[in-house]
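**Student:** Here it is: the structure, laid out below.
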Amino acid sequence: MTHLLRDKILSYDRPVPRYTSYPTAPHFQEIREAEAGIYSQWLRDLPPQARLSLYLHVPFCQKMCWYCGCHTKITQRYAPVEDYAHLMMREIDMLGDLVAKDAAVQHIHFGGGSPGLLHANDFTQIMQRLCTAFQVAPDAEIAIEIDPRGVTAERTEAYAAAGVNRISLGVQDFDQKVLEAVNRPQPFSLSYDAVRLFRQQGISRFNIDLLYGLPHQTPDNMRQTIDKALLLMPDRISLFGYAHVPWMKKHMRLIEESSLPDKRLRFDLFEAGASALEAAGYVSIGIDHFAKPDDPLALAAGQGALHRNFQGYTTDSADALLGIGASAIGKLPQGYIQNAVDLPQYRDRILDSRVSVRKFFPMSAEDHLRAAVIERLMCDFAVNLPELCEQYGMDRAFFVPELAVLAPFESEGFVRCSAAGRVELLQAPRQMARLVCAVFDAYLPAVQDTPRHARAI
C-alpha cells in the first residue's frame, strides 16, 4: 500500500465504536424500578428450543496491565475470587430456572479479567452447575481466555475434564521492551509451555490475541512477534488495535504517551502484522482476525455466515446470549441487558435472589435493521440494503440519506454503491469498515466533545 493511499485513509479517521454490538454499550439505559422484571420476562419469552450462548465474566486480575480496557479488579488474595465463583453459581441457577429446559447451549465463553485465576476446583464446580442448570449440547464450544502467566498442570487438567475445547491465549506482544512498558513482562517460554500443557491434555484449538499500537512497537518487531506466534501453531490470531482512552481508564495514564506510535506508524504496524500472517497462509477475517483456511471461522466467512459479538468475530449463531457475572452483557431477541458493574451491587442482588441486570436496551425494528446492516458490513464488507430493509419490514429506500453520506467514500474509491442498493467496500476494507458502519449508526454523534471510543485506525 502506498503512503498516499495510507494518508488518504487516515484523513477519514475519527473515534467510532468497534461495533461488537449495535446499539453500543454507552447507549444502554438504567433499569427503573417499574422495569425490574423485564429481563426475567425476556428469558421466559425465549422459544422452548432456543439456541443459547453463555458468557461468564470473571473481573479479577493479580496485576493491572496498563493497556487494559476491561472491567476488572486487582487482588492478590484468592478469597474474593472464590466468593465470586459462588455468586456466579447462584446466578446460573436463577437463569436456568427462567429458560425452557429444551433450550440448548451451544457456546460457553469464560472472559475477564483473568478467568484463569479460578482454582481448578472452583472452575469444575461452575461447569458442573452450568451442565445442571442448562442443557449443554455435546458438541458445544467451551472457550476460556487465558493469561499464560497463570497456567498450571492442575488447571489444564480441570479444563480438559470439564470439556473446554478452545483456548484464547492473551499474549499481546512478545517483545520484552514493549511488554515492560505496559506492565506485563512475560517471556515467550511461558506461552510455549502453556500451549504444550494444553495440547498434552488434548485441547488443540487455540486463538492468540495480539495488540498493535503499544509503546515502542515497530514494523520489524511486529513481524518478529508474528514469527514467534506462528511457532505456537494457533488456529486463529487476533490483531487488535490498542485503544488509548486514559480519560476513561486512569491506569492508561501510566503509559508514557511519547512512546506510543503515531497514527501513521499504527497503520504500518497493522499492515506489517497482517501481511506476515497472510504470507504464512492465514485467511484475513473481518477487520482484525486471521484463521487457517480450514478453520470454522474462515469457512463461515467464505459462506457469508460469519457473526460478530462482544468477543469479536464468531461462528456463534445462537438465538440469545446470556451474560453471567458482574458487568456481563447479554443479547436477547428483545434487546441487550447488562449486569451491575459494581461488585458489591452485583453481590447484594444475587444474595437477594434477584437477577443482577442494571442496564438494558430494548431494540426497535429500526435498531434491528441497522444492527444487521452493520454486522454484514463488519463481517462481509458488503450489504444489500433493500433486501435487509424488506426483511425487517422497512421501506426499501430507507437508507437513501446514508447513501448520500457515503458519496465521499465512493468518490475516493473506498466504497461502491450500486443502483440496486448494494454497498461494497473496495480498497483497504479492514481500515475503513468501522468508519462506513458509523454512517449507519443512528446514535453516534457527528462530533463528540468527550470521545467514548478510540479512533478507527
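**Student:** Just grab the label-to-label distance for Ala25 and Asn183, each label 7 Å out from Cα along the Cβ direction, in nm (one decimal).
**Tutor:** Label-label distance for Ala25 and Asn183, simple model: 1.9 nm.
**Student:** Here's another thing I want to ask about it. Would you mind calculating the gained length between Glu157 and Lys263 on full extension (0.36 nm times residue separation, minus the Cα-Cα distance), in nm to one decimal?
**Tutor:** Extra length from Glu157 to Lys263 when fully extended: 33.8 nm.
**Student:** In addition: Measure off, as a whole percent, the carbon and sulfur share of the 1.4 Å-probe accessible area of the range 284-371, all protein chains present.
**Tutor:** Answer for the range 284-371: carbon and sulfur cover 48 percent of the accessible area.
**Student:** Considering only protein heavy atoms, what is the solvent-accessible area of Glu180 at a probe of 1.4 Å, reported in Å² to the nearest 10?
**Tutor:** Accessible area of Glu180: about 120 Å².
**Student:** Let me ask another. Carbon-plus-sulfur fraction of the accessible area of the range 1-154, 1.4 Å probe, in percent?
**Tutor:** On the range 1-154, the fraction of accessible area on carbon and sulfur atoms equals 51 percent.
**Student:** As an exercise, use a Förster radius of 25 Å and the Cβ-Cβ distance of Asp7 and Ser418 to find the FRET efficiency, rounded to the nearest 0.05.
**Tutor:** With a Förster radius of 25 Å, E is 0.35.
**Student:** Considering only protein heavy atoms, what per residue accessible area in square angstrom results for the range 294-341 with a 1.4 angstrom probe?
**Tutor:** Using a 1.4 Å probe on heavy atoms only, each residue of the range 294-341 averages 30 Å².
**Student:** Right, here's the next one. Extent of the range 107-230 along each principal axis, from alpha carbon coordinates, in Å, largest to smallest?
**Tutor:** Extents along the principal axes, in whole Å: 49, 24, 24.
**Student:** Compute the length gained on full extension between Leu299 and Ala36: take 0.36 nm times their separation in residues and subtract their Cα-Cα distance, giving the result in nm to one decimal.
**Tutor:** Stretched out fully, the Leu299 to Ala36 stretch lengthens by 90.5 nm.
**Student:** According to a simple spin-label model (label point 7 Å from Cα along Cα-to-Cβ), what is the distance in nm between Lys249 and Asp220?
**Tutor:** Placing both labels 7 Å beyond Cα along the Cβ direction yields 2.9 nm.
**Student:** Let me test this: with uniform point scatterers at the alpha carbons of the chain, what is the Debye-based log₁₀ I(q)/I(0) at q = 0.07, 0.10, 0.12, 0.13 1/Å?
**Tutor:** Debye output, listed in q order: -0.35, -0.74, -1.11, -1.33.
**Student:** Could you give me D for the range 1-126, from Stokes-Einstein at 10 °C and 1.306 mPa s, where the hydrodynamic radius is the Kirkwood radius over C-alpha pairs? Units µm² s⁻¹, please.
**Tutor:** This corresponds to a translational diffusion coefficient of 87 µm²/s.
**Student:** Taking the DSSP beta bridges in the chain as the whole, what percent of them are antiparallel, to the nearest 5?
**Tutor:** Among the beta bridges of the chain, antiparallel pairing accounts for roughly 45 percent.
**Student:** Provide the FRET efficiency to the nearest 0.05 for the Asp193-Ser317 pair, computing r from the beta carbons and using R0 = 25 Å.
**Tutor:** Efficiency, rounded to the nearest 0.05: 0.10.
**Student:** List the chymotrypsin sites (Phe, Trp or Tyr not before Pro) in the range 216-257 that DSSP assigns to loop (not H, G, I, E or B) and whose Cβ has at most 13 other Cβ atoms within 10 Å. Which are they?
**Tutor:** Trp247
**Student:** While we're looking at this one, here's another question. Treat each spin label as a single point 7 Å out from the Cα along the C-beta direction, and report the Lys63 to Asp342 distance in nm.
**Tutor:** It is 3.2 nm.
**Student:** Given the pairs Lys250/Lys331; Lys63/Lys331; Lys63/Lys249; Lys63/Lys263; Lys73/Lys359, which are separated by over 26 angstrom at their Cα positions?
**Tutor:** Lys250/Lys331; Lys63/Lys331; Lys63/Lys263
The values are calculated or read from the model by the stated rules, or taken from the named source; none is laboratory data. Worth saying up front: this structure is predicted, and the values here are computed from it rather than measured. In this analysis, Cβ positions are derived from the backbone assuming ideal geometry, glycine residues included, and neighbour counts consider all displayed protein chains. The area values use the complete protein model at the heavy-atom level, side chains included, leaving out ligands, DNA and RNA. Shrake-Rupley method; radii C 1.70, N 1.55, O 1.52, S 1.80 Å.
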